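Working notes, structure below.
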Amino acid sequence: MKHFPRSLFARTALTLALAFVVFQAAAFWVVYRTLIVPVAERSADDLAGLIVLSAQTWVELPPQTRAAFERELARRHGLRLTTVNIGATADAPHFAFRTQIEAALSRRVGDDVVLRGVPGTEAAWLDIPVGGHDLHAGFFPRRYAVKPPLAAIAVVALGTFLSLLTALFLVRRITVPLARAAGAARQVGAGELPEPLPETGPAELAELARRFNTMAAEVRALLDNRTTLLAGISHDLRTPMTRLQLNLEMLRDAPSQARIDRAVADLADMNKLIAGYLELARTTQAENRVRFDLAGLLEEAAVDANLPWPGAAPCMIEASRLAVRQIVSNLIQNAQRYGGTPVELVLECTGNLARVVVRDAGAGIPDDQLEKVFRPFYRLETSRSQATGGTGLGLAIVRQLAETNGLKVVLRNRPQGGLEAILEIRR
């Protein structure tokens with residue numbers, strides 16, 4: 001197996017070629033045994049009968065008419081009958097199905113017959129002792145021997161060749177996209193974003209290309225998020241760490257309860273930031289799906305957020321309860337922080353879809369930024385002060401949780417003003 005080709009194309013091509021060769025060999029053997037050999041034996045028996053019958057007829061004819069019979073026999077059938085020793089001492093020329101002709105002549109004559117030939121000629125001769133005469137009969141194998149069906153063999157060979165070419169073409173159509181996908185996968189593994197694969201060809205390969213392109217984009221987004229996360233961590237932690245270091249240095253010289261309180265507040269801010277980063281990292285793991293009442297979950301979230309909730313009819317779904325709970329809580333907090341009052345929580349439950357809608361009466365979000373706000377650390381106001389907003393991770397956590405657990409979250413500006421966040425859950 002050391003020299004066996006490793007590529008899928010080479011292995012498939014070799015396998016197909018061997019399969020076609022074996023199939024054609026078996027087909028030829030069947031045709032040869034069931035068609036060619038029986039026809040050859042029948043033809044050989046007919047020739048042997050014609051030779052023996054001609055010899056017997058020659059003996060029974062009057063001597064003065066034998067010469068005319070010999071000429072007519074030669075003209076019509078290409079057979080030669082003569083009593084003259086023509087010197088056929090050499091082995092007859094080899095031709096197809098000679099064995100069958102010799103066997104048929106031996107049965108007709110009643111003795112073993114070996115065809116002889118005259119050097120420099122193509123005729124085959126045999127001796128027939130009949131009626132007290134030693135007759136020499138000759139014929140031309142080209143005329144009587146069964147010829148292999150060359151046309152049929154050519155058609156079979158051409159069919160094999162065309163079938164093999166077609167199979168190789170189809171294999172090539174499969175292996176080339178796979179090789180292209182393997183090369184793109186290597187690029188993704190190296191942290192690069194390859195060119196999108198062509199989403200063409202058979203349905204399975206087109207679907208593979210689509211899914212690979214989606215995966216490559218998601219991997220690139222994860223790498224970008226990792227870079228953004230590290231940059232955000234270094235940026236957000238630097239300010240409280242600097243303040244903490246300054247307060248600690250000042251405490252050396254002048255202990256103060258106010259400075260201690262500020263140091264504790266800075267530690268709390270850093271702990272809050274780190275908790276947010278860990279929460280974002282945790283959203284990449286899908287959670288177990290359970291069956292629960294979505295209306296009951298929304299009631300819990302509304303109580304925790306001090307949000308008026310009129311209640312709703314039970315709506316049983318099967319999803320990750322923790323993920324849904326966290327998404328709803330983050331959407332409510334985001335609406336309360338940035339959207340102003342009133343904040344509404346609405347449940348729409350239909351036969352195959354449950355929709356949780358969080359509405360606010362704020363200024364909304366520009367349409368060109370409705371998707372950007374789902375990026376980590378992206379905020380409509382550019383400062384990163386905790387006094388004017390969070391860390392910019394809330395909606396990023398919502399989107400990541402939704403995508404990981406098979407949910408869908410969209411933001412939409414309301415015609416009358418404000419924003420509504422919609423969580424869709426397939427029932």
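The values are calculated or read from the model by the stated rules, or taken from the named source; none is laboratory data. Nothing here was measured: the structure is a model prediction, and the numbers come from that model. Using ideal geometry, Cβ is built from the backbone for each residue, glycine included, and neighbour counts are taken over all protein chains shown. Side chains included, ligands, DNA and RNA excluded: accessible areas come from the protein's heavy atoms. Shrake-Rupley method; radii C 1.70, N 1.55, O 1.52, S 1.80 Å.
Summary of values
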| quantity | calculated |
| --- | --- |
| Selection within region 196-213 - more than 11 Å from residue 180 (Cβ to Cβ), open to solvent by 70 Å² or more (accessible area, probe 1.4 Å) and assigned to a helix (DSSP H, G or I) | 203, 204, 210, 211 |
| Residue selected from region 128-154 under the condition among the β-branched types (Val, Ile, Thr) and at pLDDT below 75, by the criterion nearest to residue 105 (Cα to Cα) | 146 |
| Total residues in region 42-73, condition within 60 Å of the chain's Cα centre (by Cα) and charged (D, E, K, R) | 3 |
| Close pairs from region 24-52: first touching a residue at least 12 places away in the same chain (Cβ under 8 Å), partner open to solvent by less than 20 Å² (accessible area, probe 1.4 Å) and assigned to a helix (DSSP H, G or I), Cβ under 6 Å, at least 6 apart | 44/101; 44/104; 45/104; 48/104; 48/105 |
| Residues of region 83-108 satisfying the condition of being β-branched (Val, Ile, Thr) and over 25 Å from residue 58 (Cα atoms) | 99 |
| Condition check for residue 96: over 18 Å from residue 128 (Cβ atoms), surrounded by 13 or more Cβ atoms within 10 Å (Cβ to Cβ) and among the aliphatic types (A, V, I, L, M) | yes |
| Out of 84, 39, sole residue that is open to solvent by 60 Å² or more (accessible area, probe 1.4 Å), over 60 Å from the mean Cα position of the chain (by Cα), modelled with pLDDT under 85 and over 30 Å from residue 173 (Cβ atoms) | 84 |
| Entirely in region 299-375, the strands (runs of 3 or more DSSP E) that have 1 or more residues that are within 20 Å of residue 414 (Cβ to Cβ) | 344-349, 353-359 |
| Checking residue 115 against (1) surrounded by 12 or more Cβ atoms within 10 Å (Cβ to Cβ); (2) more than 20 Å from residue 143 (Cβ to Cβ), the condition it does not meet | (2) |
| Of all residues in region 344-358 being farther than 17 Å from residue 304 by Cα and of a type in the set (D, E, K, R), the one that is surrounded by the fewest Cβ atoms within 10 Å (Cβ to Cβ) | 348 |
| Condition met for residue 346 (β-branched (Val, Ile, Thr) and at pLDDT 90 or above) | yes |
| Qualifying position, being under 15 Å from residue 140 (Cα atoms), open to solvent by 70 Å² or more (accessible area, probe 1.4 Å) and of a type outside the set (Lys, Arg), among 127, 46 | 46 |
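Yes/no per residue for (1) in contact with a Lys or Arg (Cβ under 6 Å, 6 or more places away or on another chain); (2) open to solvent by 80 Å² or more (accessible area, probe 1.4 Å); (3) at pLDDT below 90:
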site: 274; (1), (2), (3): no, no, yes
site: 302; (1), (2), (3): no, no, no
site: 307; (1), (2), (3): no, no, no
site: 312; (1), (2), (3): no, no, no
site: 317; (1), (2), (3): yes, no, no
site: 328; (1), (2), (3): no, no, no
site: 342; (1), (2), (3): no, yes, yes
